[in-house]
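Here's the structure, in structure tokens; my notes come after.
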Amino acid sequence: CSDKTGTLTEGAVQVYQTTAYDGSPSERVLRLAYLNSVFESGFVNPIDEAMRKTGLDVSDFEKLDEVPYDFFRRRLSVLVKRGSGCTMVTKGAFENILEVCDRVETPDGGIVSLQEIRPVLEQRRRRLNGEGYRVLGVSYRDVSPSERISRNDERGMTFAGFLVLFDPLKENIGETVRRMKELGISLMVVTGDSRLVAAHLAEAVGLNGAEIGSG
């Protein structure tokens, strides 16, 4: 049995793109994701480290509060203030972000209902996962001036777009897997990523026709 991240892959997460719901590049989603990452103080993790490397200037924002990530909610929220406006920015696992959203922002700044757009979002997420990318959701909600937020405030949010990440395979890992086969060693990969990401990885390292289970 082998872990995936840092064992079969480099373990160095990189930002591939930030997009609106329709896949068009989005600087707004990049800024929201960066605000969430640069102000979070829960624990060091490769996703936020990768985001911080983009080095955006957010000196005009002030952090007011945070709801740390946990493995039940699978999302992280920060409350930031700019001028007189306060915004809660939440990012996390795609499904867990959709749980707290009821609408979607369009590239031109319009708003549509989540129910109307959800099939498009899920199709895009599946396509990106199938190409080996990890996909997070980014959402926000403008709030009245306050200095505290809680898990209960993660509701009625607007889905802003996708944060798309990738972790390159380690050099020569395909040769290692081939050599294991020759030695009669079967390999099972254990990962927290989606089954689509796992399927792409299996094919990329030479585990053709691998059975994939989830639980």
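Since only Pro68, Val120, Ile97 are under comparison, the one whose Cα sits farthest along the positive direction of the charge dipole of the stretch 58-121, derived from C-beta charges on Lys, Arg, Asp and Glu, is Pro68.
Averaged over residues, the count of other Cβ atoms within 10 Å places the peptides 137-150, 46-59 in the sequence 137-150, 46-59, highest first. Each label point is 7 Å from the Cα along the Cα-to-Cβ direction; what then is the distance between the points at Glu203 and Lys181, in nm? My value for the distance between the label points is 1.5 nm. Total lysine pairs in the chain at Cα distances under 25 Å, for residues eight or more apart or on different chains: 12.
Using C-alpha pairs below 8 Å separated by at least 6 residues, the relative contact order for the stretch 139-215 is 23 percent. For the chain, the share of accessible area belonging to carbon and sulfur comes to 48 percent (1.4 Å probe, ligands and nucleic acids excluded). For the chain, the mean residue ellipticity at 222 nm estimated from helices alone is -8500 deg cm²/dmol, where every DSSP H run of n ≥ 4 contributes -39500 (n - 2.57) and the total is divided by all residues, rounded to the nearest 500.
The values are calculated or read from the model by the stated rules, or taken from the named source; none is laboratory data. Since we're looking at a predicted model, the values are computed, not measured. Note that each Cβ is placed from the backbone with ideal geometry, even for glycine, and that neighbours are counted across all protein chains shown. SASA here: full protein model, heavy atoms, side chains in, ligands and nucleic acids out. Shrake-Rupley method; radii C 1.70, N 1.55, O 1.52, S 1.80 Å.
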